[in-house]
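The values are calculated or read from the model by the stated rules, or taken from the named source; none is laboratory data. Remember, predicted model here, so these are calculated numbers, not experimental data. Here the Cβ positions follow ideal geometry from the backbone for every residue, glycine too, while neighbour counts run over all protein chains shown.
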Amino acid sequence: MSWARTRVRHRLGRLEGRHPGPATTRVLVVDDDEVIRQLIAVHLRVAGFAAHLAPDGAAGLEHTRCCHPDVAILDAGMPGLDGWAVAARLRADPATASVRTIVLAPGGGVAAEPRAGLGAEVDAGVDACLAKPFDPAELVATVRRLARRRM
């Protein structure tokens with residue numbers, strides 16, 4: 001980490017009344033919308049997580065194999081491999097089965113009941129489902145909870 005970024009993290013920590021620890025929990029953000037990816041990454045980095053970004057499901061799967069994230073945040077509405085399909089593939093592969101997954105789904109019933117009408121992909125295992133638009137504090141809290149469960 002560069003000197004400037006380290007200094008900014010320390011200042012942000014003092015503003016929040018705490019000193020951020022080392023970014024030991026790796027979080028992969030997979031979303032086809034650049035703005036959403038960057039927004040999530042900013043919130044994760046301020047909370048002390050290491051955020052890695054991927055623009056689509058295929059890139060997310062490749063990134064998972066090389067960087068071994070602890071948690072993956074997946075967009076349910078990506079073209080090609082959506083978040084549900086990526087979660088199912090992660091769970092099916094023994095090398096990535098321990099990665100905790102959060103799917104960001106459009107608001108309404110899907111987020112409240114992730115299994116309703118979504119088929120076998122969801123049966124492979126999604127650890128959490130949040131509605132879009134999401135509350136950044138709730139997303140960070142969910143990542144913290146899943147990262148603790150993984151250890």
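Restricting attention to region 77-98, which residues are aliphatic (A, V, I, L, M), closer than 21 Å to I40 by Cα, without any contact (Cβ under 8 Å) to a residue 40 or more places away in the chain and outside any helix (DSSP H, G or I)?
If the condition is that a residue be aliphatic (A, V, I, L, M), closer than 21 Å to I40 by Cα, without any contact (Cβ under 8 Å) to a residue 40 or more places away in the chain and outside any helix (DSSP H, G or I), then L81 is the only one that fits.
Can you find even one residue in region 19-35 that is modelled with pLDDT of 95 or more, β-branched (V, I, T) and part of a helix (DSSP H, G or I)?
yes
Checking V126 against (1) at pLDDT 90 or above; (2) within 21 Å of A47 (Cβ to Cβ), which test does it fail?
Checking V126 against (1) at pLDDT 90 or above; (2) within 21 Å of A47 (Cβ to Cβ), the one that fails is (2).
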